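The values are calculated or read from the model by the stated rules, or taken from the named source; none is laboratory data. No experiment lies behind these values; they were computed from the predicted model shown. Every residue, glycine among them, receives a Cβ derived from its backbone with ideal geometry; neighbour counts consider all protein chains shown.
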Amino acid sequence: MHREIGRSILAWLGLLLMAASFVWLQLLPRLATFPDTTQKPASEQPFAVVVIDPGHGGLDSGTMKAGMVEKDLTLDVARRAERLIQSRGLVTMLTRADDSYISLSARAAIANEQPNCIFISIHFDEAGRPAATGIETYYAARQVSIPERLMSWLPFLQKASLESASSESQSLASFIQEELVAHTQAVNRGTRPQQFFVIANVRHPAVLVEGGFLTNKEDVSKLATENYREQIAAAISDGVGRYRDVLQQQRTPLVVNLPVDE
Ligand SMILES: [Zn+2]
């Protein structure tokens, strides 16, 4: 008789334990504080902030050729892009708003502090070959993702999150590159994967634009005009706009089909 009571207590304990671990498993994804995009209203932006990163600055002038200084050009284009992106109703943030030195890791950290943003770094190129010309947009094939303390106990989520940030970066790069070529008629050098520190260390969609060669005569004479720099900025803004529209279209059906709790 006592043995039977003991067995049924054990059976009940076993059931309780199963129920408890089921509840714990249900709670687990929520504890990881990943943004649940499906619960956002359709009108909300797919990303809250556009972080614009004018390359170089302060002691770091970047490329200096033909009387042009890369750090000045990047800031000029970034300010133009900022204005145009704001006029789309998006919030922007500059990693530097003046001629100051900001380390690459500090630039990445500015984006990583944001819960939901995209990151666009602006640069101009140089080459040993003076004939090298045109515009290209880079993305990192591997990007950092969620904080390491989570990674230690959720390795599978870390991998999934890493892959999605990188493929979104590639898509953002394509939109911006297409617009750049359409706006400037520059030689299309395409989009390319490259582990540049400043984009590889951002956990959000991140791209790096090389807007022309300061070692190429034609590129330099075009970049010297305000109108051309404005066209580069407009292309970046239009690329961001197209990327946002596509994300919104992808997300809207999810919101519409959600079951309504009453
Ligand atoms: Zn540069």
Inset, instruction - For segment 58-71, name all the residues that are surrounded by fewer than 16 Cβ atoms within 10 Å (Cβ to Cβ) and free of Cβ contacts under 8 Å to residues at least 12 places away in the same chain. - result: Ser61, Gly67
Legend entry - Hits in segment 207-220 - residues which are over 16 Å from Gln231 (Cβ atoms) and in contact with a Leu (Cβ under 8 Å, 6 or more places away or on another chain): Val207, Leu214
Legend entry - Restricting segment 95-128 to residues that are in a strand (DSSP E or B), within 16 Å of the ligand (Cβ to nearest atom) and among the aliphatic types (A, V, I, L, M), the residue that is surrounded by the fewest Cβ atoms within 10 Å (Cβ to Cβ): Ile122
Inset, instruction - Go through the residues of segment 192-208 one by one and say whether even a single one is farther than 23 Å from Asn112 by Cβ and modelled with pLDDT of 95 or more. - result: yes
Inset, instruction - Please work out which one of (1) more than 16 Å from the ligand (Cβ to nearest atom); (2) hydrophobic (A, V, I, L, M, F, W, C); (3) part of a strand (DSSP E or B) is the condition Ala186 fails and give its number. - result: (3)
Inset, instruction - Consider Ile85 carefully, then state whether it is within 28 Å of Ser145 (Cβ to Cβ), buried (at least 18 other Cβ atoms within 10 Å of the Cβ), at pLDDT 95 or above and within 16 Å of the ligand (Cβ to nearest atom). - result: no
Inset, instruction - Determine which single condition Leu15 fails, assuming it passes every other condition in (1) over 20 Å from Ala206 (Cα atoms); (2) hydrophobic (A, V, I, L, M, F, W, C); (3) modelled with pLDDT of 95 or more. - result: (3)
